[in-house]
């Protein structure tokens, strides 16, 4: 049985101009221990899909799916209260802007502890010990001292490490990382990606990487889903995707990589859209 | 033209005073420590480094947003020392800048047409009708439509806004354009379009670029020369091929190692390592 299985997911938003379909019948499956990358440009619905899974979309969104199972639990019929038990514990998420995702008014140790108090039976001293253990595991130097640090006293990379620590605090079975390194420098990006992959391999959890960066896909993924305008363009394992992309849109994305440039000009997606027609 | 180097920078320093508090002494932070380089007319110099290495401070000094603490900047034969001489219209017309975030660098309440006309209004004596004509021509040049003239920034996508920001920067026909991470906030396919636009404009107008980036694959694609900065100092400076084929400094090597590799061979290697 797959860890997460979603069939025919549709998401529509009510807008002043009538319903807008952000996602049009896409399937997702993730197995335990697998790294799935969802790639696409902005507006492709890659984040919407995972927000829908987490139940984090606003009321204006209408979500329908033929199937939406996490470990056999049907997420569609789950009450808000029951969903809270799963979200943050068994499924957790990391967002793009680490500094914006943390509360600036509380020390990072306290914010980490909150997650633990909500989802585990740990109390008092145990919470503190576990927080230190978590900060150590994500590579924060001097974790005992950093417990009382506020987000503004840490760098972007360190804040993202804290977010990762928070996400893995309850040993989730599935971790969703939504553009976890887009706001970071390349050298820090490398460290964060290595950390995520290592944590994933150590714990055997499923990992979904949402990104628009083909380099990140190449460095982390086992399997890749390419999305464009709310539809799935291609799904393949990472090697065959880069070796022999089937869909014209995937080909366009890959050739827009500056390192693949052959002539003076970079081919753009619109060049391919005219020729390939997607 | 007799002199081939459009930009000459010698021994440039920038220090900031950090004010002390009740229990703390004030100190000085040196953001740029003695940087020297030349840029050839019509070429592209890429400045690479991590956040906090002083590359944006350098950009601020080149574009006269900030004065240097010491050292000299010469652009197209004109010496720039704004702390002493102030800024003249002539200096303004030599150099312009494009910022990273196209959402933050445009005034949300200003129509695109006025965004483009403003540099002319401030720095030239052209009549309104002529300014309008130039703005309309510029829209076309950067791949937008004349009907975009009366629209507001929120009606545009990120890529289109970056086109507007580029158009605004080249309205005064500058000699030198400083690009501070112009494509970092953009999607891959939009990034390609903007890079193509920049290449076209360089050919057409003979522009010289100082391109600030931390994305080595973009740098490799468009730079003629590469300068790597680390903690305010230049640790590596050379032609693109010299730097990419034979990096000397440890930090440059770290940068290359950190850049994600998207070729099939690297993926195969990674998967093999994982299976083992």
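A short reminder: the numbers here are calculations on the coordinates, not readings from a lab. Just so it is clear, the structure is predicted and the values come from calculations on it, not from any experiment. Reconstructed Cβ throughout: ideal geometry from the backbone, glycine too, with neighbour counts over all protein chains shown.
Quickly work out the residue B:4-to-residue A:7 label distance, labels modelled 7 Å from Cα along the C-beta direction, and quote it in nm with one decimal.
That separation, rounded to one decimal, is 6.9 nm.
What FRET efficiency would be calculated for the residue pair residue A:31, residue B:82, taking the C-beta separation as r and a Förster radius of 41 Å, to the nearest 0.05?
Numbers: r = 61 Å, r/R0 = 1.48.
Once rounded, the FRET efficiency stands at 0.10.
Which whole number in µm²/s is D for the stretch A:1-40 by Stokes-Einstein, with the Kirkwood Rh taken over Cα pairs at 10 °C and 1.306 mPa s?
Values: Rh = 12.0 Å.
Estimated via Stokes-Einstein, D reaches 132 µm²/s.
Need one number for the stretch A:159-278: average projected area of the convex hull over its C-alpha atoms, nm².
Working: hull surface 34.2 nm².
Directional mean of the projected Cα hull area for the stretch A:159-278 stands at 8.5 nm².
Which value results for Rg/Rh of the stretch B:72-183 when Rg is the Cα radius of gyration and Rh the Kirkwood radius based on the inverse mean 1/r?
Taking Rh as the inverse mean 1/r over Cα pairs, Rg/Rh reads 0.99.
Based on Cα positions only, what radius of gyration and what Dmax would you give for the stretch A:60-200, in angstroms?
Looking at the stretch A:60-200, its Cα Rg and Dmax stand at 15.9, 49 Å.
Which three extents, in whole angstrom, do the alpha-carbon atoms of the stretch A:89-171 cover along their principal axes, largest first?
Computed over the stretch A:89-171, the largest-to-smallest principal extents equal 31, 28, 23 Å.
Could you identify which residue out of B:165, B:185, B:128 has the top mean-square fluctuation in a GNM of chain B using Cα springs shorter than 10 Å?
B:128
Can you give me the P(r) profile for the stretch B:207-276? Cα pairs, bins 5 angstrom wide beginning at 0, each as a whole percent.
Result returned by the calculation: 3, 14, 24, 22, 14, 10, 8, 4, 1, 0, 0.
For every helix of n ≥ 4 consecutive DSSP H residues, a contribution of -39,500 (n - 2.57) applies; sum these over chain A, divide by its total residues, and give [θ] at 222 nm rounded to the nearest 500 deg cm²/dmol.
Values: 12 runs with 109 residues, N = 278.
Value at 222 nm, helices only, nearest 500: -11000 deg cm²/dmol.
Can you show me the helix-derived [θ] at 222 nm for chain B, built from DSSP H runs with n ≥ 4 at -39,500 (n - 2.57) apiece and divided by the number of residues, rounded to the nearest 500. If you can, show how the numbers build up before the last one.
On the way: 11 runs with 107 residues, N = 276.
Value at 222 nm, helices only: -11500 deg cm²/dmol.
Mind jotting down the distance between the C-alpha centroids of the stretch B:228-276 and the stretch A:6-80, whole Å?
Between the Cα centre of the stretch A:6-80 and that of the stretch B:228-276, the gap is 37 Å.
On alpha carbon coordinates alone, what is the Rg over Rh value for the protein assembly as shown, Rh being the Kirkwood radius?
Details: Rg = 25.2 Å, Rh = 25.7 Å.
Computed over Cα atoms, the ratio is 0.98.
Name the most mobile residue of B:236, B:204, B:118, meaning the one with the largest mean-square fluctuation, in a Gaussian network model of chain B with Cα contacts below 10 Å.
Result for chain B, Cα springs under 10 Å: B:204 fluctuates most.
Using alpha-carbon pairs under 8 Å, 6+ residues apart, how would you state the relative contact order of chain A in percent?
Numbers: 498 pairs, mean separation 67.2, N = 278.
Worked out over chain A, it gives 24 percent.
At a threshold of 8 angstrom on Cα-Cα distance, excluding pairs fewer than six apart, so keeping six or more, what relative contact order does the stretch B:129-269 reach in percent? The partial results should precede the final answer.
Values: 114 pairs, mean separation 21.1, N = 141.
So the answer I get is 15 percent.
Find, to one decimal place in angstroms, the Kirkwood hydrodynamic radius of chain B, where the mean of 1/r is taken over every pair of different Cα atoms and then inverted. Write out the running numbers ahead of the final one.
Details: mean 1/r = 0.0494 Å⁻¹.
Result for chain B stands at 20.2 Å.
Using the count of nearby Cβ atoms within 10 Å as a rough guide to exposure, how do B:94, A:128 rank from fewest to most?
The most exposed by this proxy come first: A:128, B:94.
Can you give the alpha-carbon Rg of the stretch A:38-96 over 2.2 N^0.38 Å, where N counts its residues? Write down the numbers at each step before the final one.
On the way: Rg = 12.0 Å, N = 59, 2.2 N^0.38 = 10.4 Å.
Expressed relative to 2.2 N^0.38 Å, the Cα Rg reads 1.16.
Obtain the nm distance between the two label points defined at residue A:125 and residue B:36 by a simple spin-label model: each point lies 7 Å from its Cα along the Cα-to-C-beta direction.
According to this spin-label approximation, the distance is 6.3 nm.
How many percent of Cα pairs in the stretch A:222-261 exceed 11 Å?
Values: 489 of 780 pairs.
That fraction is 63 percent.
With everything on Cα atoms, drop me the angle between helix A:108-119 and the longest principal axis of chain A, reported from 0 to 90° to the nearest 10.
90
Report the extension gain between residue B:184 and residue B:17 in nm, rounded to one decimal, defined as 0.36 nm multiplied by the number of residues separating them, less their alpha carbon distance. It would help to have the intermediate numbers written out before the result.
Details: separation 167, 0.36 × 167 = 60.12 nm, distance 3.00 nm.
57.1 nm is the gain from fully extending residue B:184 to residue B:17.
Ranked from highest to lowest mean number of other Cβ atoms within 10 Å per residue, what is the order of the peptides B:174-182, A:198-206, A:178-186?
Details: B:174-182: 23.6, A:198-206: 16.0, A:178-186: 21.9.
The packing order, highest mean first, is B:174-182, A:178-186, A:198-206.
What distance in nm separates the two pseudo spin-label positions at residue A:59 and residue B:25, each 7 Å out from Cα along the beta-carbon direction?
Once both label points are built, they end up 6.0 nm from each other.
Return the inverse of the average 1/r over all pairs of distinct C-alpha atoms in chain A, which is the Kirkwood hydrodynamic radius, in Å to one decimal.
Values: mean 1/r = 0.0504 Å⁻¹.
After inverting the pairwise mean of 1/r, the radius is 19.8 Å.
Give me the distance between the Cα centres of the stretch B:152-224 and the stretch A:141-198, rounded to whole Å.
Rounded to whole Å, the Cα centres lie 31 Å apart.
Using a Gaussian network model of chain A whose springs link C-alpha atoms within less than 10 Å, name the residue from A:229, A:117, A:89 with the highest mean-square fluctuation.
Looking only at A:229, A:117, A:89, the biggest GNM fluctuation is shown by A:117.
If you line up the long axis of helix A:186-203 against the longest principal axis of chain A, both from Cα atoms, how many degrees apart are they, to the nearest 10?
70
For the Cα atoms of chain A, what angle does the longest principal axis make with the long axis of helix A:125-137, in degrees from 0 to 90, nearest 10?
40
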